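Colleague: Here's a structure for you.
The values are calculated or read from the model by the stated rules, or taken from the named source; none is laboratory data. For clarity, every value in this text was computed on a predicted model and none was experimentally measured. With ideal geometry, Cβ positions are generated from the backbone for all residues, glycine too; neighbour counts draw on all protein chains shown. Just so you know, the surface numbers come from the protein's heavy atoms only, side chains and all, with ligands and any DNA or RNA stripped out. Shrake-Rupley method; radii C 1.70, N 1.55, O 1.52, S 1.80 Å.
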Amino acid sequence: VLGAALGVPDRFPYAAKRAAREAPPPRERRAAELAALHARAGGLGGLPESLALIAFAPVHHDEAFHLERLRPVQGVVRLAADRTVAGRVEGVAGPDIHLTASDGRALLLDGRLLAGRPLGAAAADAETTAPVEAPAGEAASPEALF
């Protein structure tokens, strides 16, 4: 009911979610946009009894997901047998694991692909040897691939 009335889609493409996490607008702007939607929702008539309008109180989860540490993704890790993914975990949101590789690249690993794979600690001087592809939407040129 609210999504249709306010023009807010029920689902967002995952690529849009990833892009939004890399460079979110300032908290104040996000809160203002949500406050405007909340006010519009409060002005709608005919809402079902199961919906109770409560006072607007935005909650930011930036720290919980470490969004302040995320940078634009330079590559997406493709897991391969007997290969290494080494780096520092910068943040996790949904299935996405954002890493800074030992060579400084901002990489993305889809955690759903880890199921059934053996995991272990990499050596302190380990480098990522798993294939890395260009992020979705970018051309796969030699410069974009590592």
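Colleague: Here's a check for you: in the stretch 66-92, which residue that is surrounded by fewer than 17 Cβ atoms within 10 Å (Cβ to Cβ) and within 15 Å of the chain's Cα centre (by Cα) is farthest from R29 (Cα to Cα)?
Modeller: V89
Colleague: Filtering the stretch 59-78 down to residues that are assigned to a helix (DSSP H, G or I) and not aliphatic (A, V, I, L, M), which residue is nearest to R88 (Cα to Cα)?
Modeller: Narrowing the stretch 59-78 to residues assigned to a helix (DSSP H, G or I): 62-65, 67-69.
Okay, now just the ones that are also not aliphatic (A, V, I, L, M), so 62-63, 65, 68-69.
On the way: D62: 18, E63: 17, F65: 14, E68: 15, R69: 11 Å.
Filtering first and then ranking leaves R69.
So that you can scan it fast, the table gives a plain yes or no per residue for (1) in contact with a Ser or Thr (Cβ under 8 Å, 6 or more places away or on another chain); (2) within 30 Å of A121 (Cα to Cα); (3) outside the structural domain of T128 (by the TED database):
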| position | (1), (2), (3) |
| --- | --- |
| A41 | no, no, yes |
| G46 | no, no, yes |
| A52 | no, no, yes |
| V85 | yes, yes, no |
| G94 | no, yes, no |
| D103 | yes, yes, no |
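Colleague: Another question about this same structure. Scanning the stretch 7-52 for residues that are without any contact (Cβ under 8 Å) to a residue 40 or more places away in the chain, of a type in the set (A, V, I, L, M, F, W, C) and more than 30 Å from L108 (Cβ to Cβ), which turns out least open to solvent (accessible area, probe 1.4 Å)?
Modeller: So the residue we want is A41.
Results for (1) modelled with pLDDT under 90; (2) assigned to a helix (DSSP H, G or I); (3) hydroxyl-bearing (S, T, Y), shown as yes or no for each residue.
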| position | (1), (2), (3) |
| --- | --- |
| A31 | no, yes, no |
| L44 | yes, no, no |
| E49 | yes, no, no |
| A57 | no, no, no |
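Colleague: Is there a residue being open to solvent by less than 30 Å² (accessible area, probe 1.4 Å), in a loop (DSSP other than H, G, I, E, B) and under 21 Å from P13 (Cα atoms) anywhere in the stretch 98-120?
Modeller: no
Colleague: Under 9 Å by Cβ, and 6 or more places apart or on different chains, what pairs join a residue from the stretch 102-119 that is within 25 Å of A19 (Cβ to Cβ) with one that is assigned to a helix (DSSP H, G or I) and open to solvent by 40 Å² or more (accessible area, probe 1.4 Å)?
Modeller: Qualifying pairs under 9 Å: A106/E22; L108/R18.
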